[in-house]
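Bear in mind these aren't lab numbers, they're just calculated from the coordinates by the rules spelled out. Here the structure is a predicted model, which means the values were calculated and not measured. Note that each Cβ is placed from the backbone with ideal geometry, even for glycine, and that neighbours are counted across all protein chains shown.
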Amino acid sequence: MKKITLLQTVVHLGGWFPLAQIVYDYFTRNLTANPIQAIEQRTGIHALTFLLFSLACTPLSSILGWHELTRRRKALGNYGFMYAAIHLSIFVGLDYGFNLNAILRDVGTKAYIILGLIAFLLLLPLAVTSFRYWMKRLGQNWKRLHRLVYIISPLVVVHFLLSVKGDLLRLQGNISRPMLYGFIALILLALRIAPVKLTLLGLRQQLQDRFGQIVNKN
Ligand code: HEM
């Protein structure tokens, strides 16, 4: 039997905990005066957070040398998709009461909804092909397809920025949180650029050599 690691446990408990908390807060009436909006906002944030966690696995694994991280990337991405699907279902079912006419009318007028929709449509093939069967079947194309996450995360950050009340150009309003998420996404994407990656790996090697020398001297 395969051994369950601590990281694996943390990832799965961390994946379900926010949902359990939303359900708990719903039944204990702790979801603000506008529970639908609160669930929409929370599921949106959790979806983006898990997407960024999954994006962080590869660079952190090479910088820290913690290779188990790459094996947890898929589960983190799937939790991201799960929260995005709940987010969309709440929007369609609770916010708009499945009124497709009203949704179509608003989709055309609100840019952030169009961006959210594009992000979700791009997430769908990633979620569907996340199984081992598709990984084997698609081979190199699987990797290419999953690079879509590099487009999805900035799209979601802009969706977030446009959904809050604020003015990006005047740096006014509630833009600090989407800006923080955008900054993290930017760093995670920059870590994939070859020269940045090589510089960090070089630094890691230098630190390892220094610490190795100190340990050997003592
Ligand atoms: C068709 C697809 C989508 C629709 C219709 C949609 C709808 C919405 C709406 C209505 C809000 C504003 C909630 C409010 O403040 O009243 C929102 C916010 C947000 N959405 Fe989406 N969304 C979609 C896709 C996504 C996806 C795919 C993600 C992430 C992977 C996402 C992440 C977020 C985030 C982070 C927020 C901001 C939450 C906050 O203000 O704290 N959305 N979305």
query = When the Karplus curve 6.51 cos²θ - 1.76 cosθ + 1.60 is applied with θ = phi - 60°, which whole-Hz ³J(HN,Hα) does each residue of the range 94-110 get, with x for Gly and Pro?
reply = 8, 6, 10, x, 6, 7, 4, 4, 5, 5, 4, 5, 6, 4, x, 9, 10
note = Computed over the chain, the relative contact order (Cα-Cα under 8 Å, seq sep at least six) in percent reads 18
query = Along the charge dipole of the range 6-194, which of 128, 145, 189 sits closest to the positive end, that is, farthest toward it, with unit charges on the beta carbon of Lys, Arg, Asp and Glu (+1, +1, -1, -1)?
reply = 145
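Can you put 62, 89, 54 in order, fewest other beta carbons within 10 Å first? List each step's numbers first, then the result.
On the way: 62 17, 89 13, 54 26.
Fewest-to-most Cβ neighbours within 10 Å comes out as 89, 62, 54.
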note = Around residue 173 (Cβ within 14 Å, Cβ-to-Cβ, excluding residue 173; K/R +1, D/E -1) the net charge comes to +2
inquiry  = Straight-line reach from residue 3: which aspartates and glutamates fall under 20 Å, measuring Cα to Cα and dropping same-chain residues less than 8 apart?
reply    = 68
inquiry  = Can you list residues from other chains, or at least 5 along the same chain, whose modelled amide H is less than 5 Å from the amide H of residue 166?
reply    = 174
remark   = Straight-line reach check, residue 110, cutoff 21 Å on alpha carbons, 8 or more apart in-chain or any other chain, hits among lysines -> 165
task = Would you mind telling me which residue in 144, 42, 177 has the biggest mean-square fluctuation in a Gaussian network model of the chain, where springs connect alpha carbons within a distance under 10 angstrom?
result = 144
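Kindly put 16, 142 in sequence by how many other C-beta atoms sit within 10 Å of each C-beta, fewest to most.
16, 142
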request  = Name the most mobile residue of 49, 58, 199, meaning the one with the largest mean-square fluctuation, in a Gaussian network model of the chain with Cα contacts below 10 Å.
outcome  = 199
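Between residue 194 and residue 128, what FRET efficiency follows from the Cβ-Cβ distance if R0 is 30 Å, with the result rounded to 0.05?
0.50
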request  = For the chain, state the semi-axes of the equivalent ellipsoid (square roots of 5 times the eigenvalues of the alpha-carbon gyration tensor), sorted largest first and rounded to whole angstrom.
outcome  = 35, 21, 19
key: Dipole moment magnitude, nearest 20 debye, the range 6-194 about Cα centre, only Lys, Arg, Asp, Glu C-beta charged   = 680
